[in-house]
Amino acid sequence: FENTDGILTSNKNVAIFTKYADCLAIFIYDEESKIFGVVHSGWKGTVGHIGQKTVEKMHEVYGSEPKDIVAAIGPSICQSCYEVSDDVAEAFRANFTADEAADILLDKGNGKYQLDLWKANWYVLTDADILPEHLSVTDLCTACHPDLLWSHRKTNGQRGGLSAFLSLIDTSV
């Protein structure tokens, strides 16, 4: 699917995926209904609460309840490596509580901020009522680990990319 930031399915033995640069993947699974998905969340998706919208869509289409959902936030660029401008910071201040925005934005002065996508998406998912004990967050940065992962910012825009794959295997076959 072109121009798609997320995909959900109940189909077992099928791999679904999304593509990335320095953005992060949200892996999501409803243990009761066996629905799973993967979501691309960069700063725009995070500010738009795509993780929460995914939880809502799982409830709407499949009857999933947040208490039954487990999620993981995958590798991306870390706060120390992710500088954003004032317009991006303002979007976060407008779409997160004041306490959350203060926690995810580090003001460097001169209209520059360090943004924590991991923590921002943790807020998005816990605000969607996913239990904190059902949420795992990486500490693996794309820019800090060029030996393991590709980073758009680290390579100054040279082409490359990452993908996140997820599949639910039917072991009864």
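The values are calculated or read from the model by the stated rules, or taken from the named source; none is laboratory data. The structure presented is a predicted model; accordingly, all values stated were derived computationally and were not measured. We place every Cβ from the backbone using ideal geometry, glycine too, and count neighbours over all the protein chains shown. Ligands, DNA and RNA are stripped out before the accessible areas are found, and what is left, the full protein with its side chains, is counted by its heavy atoms. Shrake-Rupley method; radii C 1.70, N 1.55, O 1.52, S 1.80 Å.
Yes or no, residue by residue, for (1) over 16 Å from the mean Cα position of the chain (by Cα); (2) open to solvent by less than 50 Å² (accessible area, probe 1.4 Å); (3) among the aliphatic types (A, V, I, L, M):
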position: THR18; (1), (2), (3): no, yes, no
position: ASP22; (1), (2), (3): no, yes, no
position: ILE28; (1), (2), (3): no, yes, yes
position: VAL38; (1), (2), (3): no, yes, yes
position: SER41; (1), (2), (3): no, yes, no
position: LYS53; (1), (2), (3): no, no, no
position: LYS67; (1), (2), (3): yes, no, no
position: ARG93; (1), (2), (3): yes, no, no
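Every condition in (1) more than 14 Å from the chain's Cα centre (by Cα); (2) closer than 30 Å to SER33 by Cβ holds for TRP118 except the one numbered (1). One residue stands out among those in the stretch 74-87 that are in a helix (DSSP H, G or I) and touching a residue at least 12 places away in the same chain (Cβ under 8 Å): the one that is most open to solvent (accessible area, probe 1.4 Å), which is SER80.
Filtering ALA71, ALA120 for residues that are of a type outside the set (Ser, Thr, Tyr), assigned to a helix (DSSP H, G or I), in contact (Cβ under 8 Å) with a residue 60 or more places away in the chain and open to solvent by less than 20 Å² (accessible area, probe 1.4 Å) leaves a single hit, ALA120.
Whenever a residue of the stretch 22-47 is within 26 Å of ASP86 (Cβ to Cβ), its partners that are outside any strand (DSSP E or B) and of a type in the set (Val, Ile, Thr), lying with C-beta atoms within less than 7 angstrom and at least six residues away or across chains, give the pairs ASP22/ILE77; ASP22/THR142; SER41/ILE50; TRP43/VAL88; THR46/VAL124.
For the stretch 133-147, the set of residues classified as touching a residue at least 40 places away in the same chain (Cβ under 8 Å) and surrounded by fewer than 13 Cβ atoms within 10 Å (Cβ to Cβ) consists of SER136, ASP139, listed by residue number.
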